[in-house]
Amino acid sequence: MTTNKPIIKKESVISINDLNKAFGDHKVINEFNFNLFRGENVVVLGKSGSGKSVLIKLIIGLMKPDKGTIHVLGNNVPELNSSELDEMRVKIGFLFQSNALYDSMTVRENLEFPLRRHWIKTSKQDVNALVIEALTNVGLPETIDMMPSELSGGMRKRIALARTLILKPEIILYDEPTTGLDPITGKEISQLMLDIQKKYNTSSIIISHDINCVKIVANRIVMLIDGTCYATGTFQELENSKDPKVKQFFE
Amino acid sequence: MLKNIFIEVGLIARFTGRFFVEVFKPQFEFKEFLRQCFYIGNKSLPLVVITAFIMGLVLTMQSRPTLLEFGAQAWLPKMISVSLIREIAPVITALICAGKIGSGIGAELGSMKVTEQIDAMDVSGTNPYKFLVVTRVMATTLMIPLLAILADAVSLYGGYLGCNIKGVVSWDLFWNQIFDTLVFGDILPSIIKTFFFGFVIGIIGCYQGFNSSKGTEGVGQSANSAVVISSLLVFIIDLLAVQITDVLNLN
């Protein structure tokens, strides 16, 4: 299995500074600093409950930080109003851990949903072409009129990914993309993420503790321990680390 | 305990306040509103019709012996029409709808919440409150009065059959007696209160679903709380309605 090579750092698309988020007395994110560069896949590695999902929900604006800035493509997310947030979210795809496909809608309606924005004007033919392109990208064009309940776990993940891709986002946030999948399907999804990175030059933050997935997709790994950016480096660098807190993830 | 009740009431009031802000904001989710009207109105129709018919029939049959003691069986249509139109048909319809629609909305939105579908909607640029809550609350507010009016008619028909089981009352005489008895002061307040019944059933179902947590257990709790709280509120509104009609000399 080959690992994804480090990216030459150029333009920063996400820049997080002194980020803090607490729930009651429990500090989940504590003085977190981080940069994501264009075309780069960064995996955020950490224990369950360490605040990884909170971090990406803060980036997409589903939660508000207590302190700190999150610049996404030049905009500070906590300061955006709802319409500015909406415009920013067109450029960011979010793959939910549970896929979050709408049960009551067909695959086609699920994929069309992000195109409902009133300021996106597309003809019926264009919408159809976009849906078919997104489904072809994930290798499931035949499922277009099926309901999510008729699909397997791996297929649902692919459809969720297709919905994420339909607006051709510049940044994709993956929340545990291979959790709950068998190793073979997990590897296929990881490969798909890599193909998307290459095809559209997307930048991604991937939350995962599936070490096989991490090995395939990561250009760089960030260790989220005690709410801070504890360590950063390539897969090989962190795998060979002497620090027991880092090493335990690779054993 | 008491503090928690006040907090809950405050949160429900804030949730309801948001409805009045969002309902006037564009864009209007007309298609989803119609879908909900169809679902709420059409799917509850058989249950409401059957229950209303039985209530009319049973009330008539049980009232007959008491009136017979006074030789006043000729007053049967008059008496049952006032009972059914003013109280029984609207309240029974509201309680059935609280059980069927309220629990359905609570469970549906609750499972959407725990499977992150509501977050996905937010990320996809669709205001989930507007798409899910406003459409459902408007649909219940409009459909439950229509169902209650239908229940009025069907329960009176049940009453007609009930009168003819042990006696003979012609179709014309039955309806003439009813329309001679009923005045606008009987019909109008009973229809107006059903709009409020519909509103609370919708808003409580949505509130419980929208604030669902703790996985599948939470979904069950949401559905259960939606039924219990909305049924209780139906009775409280009924109590207020009778006080108001009393003040207005409509009793």
Residue pairs meeting the criteria (Cβ under 6 Å; at least 6 apart or on separate chains; first closer than 13 Å to A:G49 by Cα, in the range A:16-35; second crowded, with 16+ Cβ neighbours inside 10 Å and among the aromatic types (F, W, Y)):
none
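This table checks each residue for (1) of a type outside the set (A, V, I, L, M); (2) surrounded by fewer than 19 Cβ atoms within 10 Å (Cβ to Cβ); (3) free of Cβ contacts under 8 Å to residues at least 24 places away in the same chain; (4) not assigned by TED's automatic domain parsing to the domain that holds A:E239.
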| site | (1), (2), (3), (4) |
| --- | --- |
| A:L173 | no, no, no, no |
| A:I184 | no, yes, yes, no |
| A:N201 | yes, yes, no, no |
| A:D210 | yes, no, no, no |
| A:C213 | yes, no, no, no |
Hey, any hits in the range A:77-90 for a residue that's more than 17 Å from the chain's Cα centre (by Cα), within 17 Å of A:L173 (Cβ to Cβ), of a type outside the set (G, A, S) and more than 14 Å from chain B (Cβ to nearest Cβ)?
yes
Within the range A:91-120, residues without any contact (Cβ under 8 Å) to a residue 24 or more places away in the chain, facing another protein chain (nearest Cβ under 8 Å) and assigned to a helix (DSSP H, G or I) come out as A:R116
Just one of (1) within 14 Å of chain A (Cβ to nearest Cβ); (2) part of a helix (DSSP H, G or I); (3) hydroxyl-bearing (S, T, Y) trips up B:Y157, so point out which.
(1)
Across the range A:121-150, which residue is nearest to the other protein chains (Cβ to nearest Cβ) among those that are among the β-branched types (V, I, T) and touching a residue at least 24 places away in the same chain (Cβ under 8 Å)?
A:V131
State which residue is farthest from B:C97 (Cα to Cα) when the search covers only the range B:30-64 and only residues that are among the hydroxyl-bearing types (S, T, Y) and buried (at least 20 other Cβ atoms within 10 Å of the Cβ).
B:T60
I'm trying to understand the selection: among the residues of the range A:124-160, which are more than 13 Å from A:N110 (Cα to Cα), of a type in the set (A, V, I, L, M, F, W, C) and more than 20 Å from the chain's Cα centre (by Cα)?
A:A129, A:L140, A:L151
Restricting to the range A:44-61, count the residues that are within 14 Å of another protein chain (Cβ to nearest Cβ) and either of a type outside the set (D, E, K, R) or assigned to a loop (DSSP other than H, G, I, E, B) (or both).
7
Test for A:R163: is it facing chain B (nearest Cβ under 9 Å), part of a helix (DSSP H, G or I) and surrounded by 18 or more Cβ atoms within 10 Å (Cβ to Cβ)
yes
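Yes or no, residue by residue, for (1) among the aromatic types (F, W, Y); (2) exposed (fewer than 15 other Cβ atoms within 10 Å of the Cβ):
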position: B:D152; (1), (2): no, no
position: B:F179; (1), (2): yes, yes
position: B:G185; (1), (2): no, yes
position: B:G205; (1), (2): no, no
position: B:K214; (1), (2): no, yes
position: B:Q221; (1), (2): no, no
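The values are calculated or read from the model by the stated rules, or taken from the named source; none is laboratory data. As the structure is a prediction and not an experimental result, all values here were calculated from the model. As a convention, Cβ positions derive from the backbone with ideal geometry for all residues, glycine included, and neighbour counts pool all protein chains shown.
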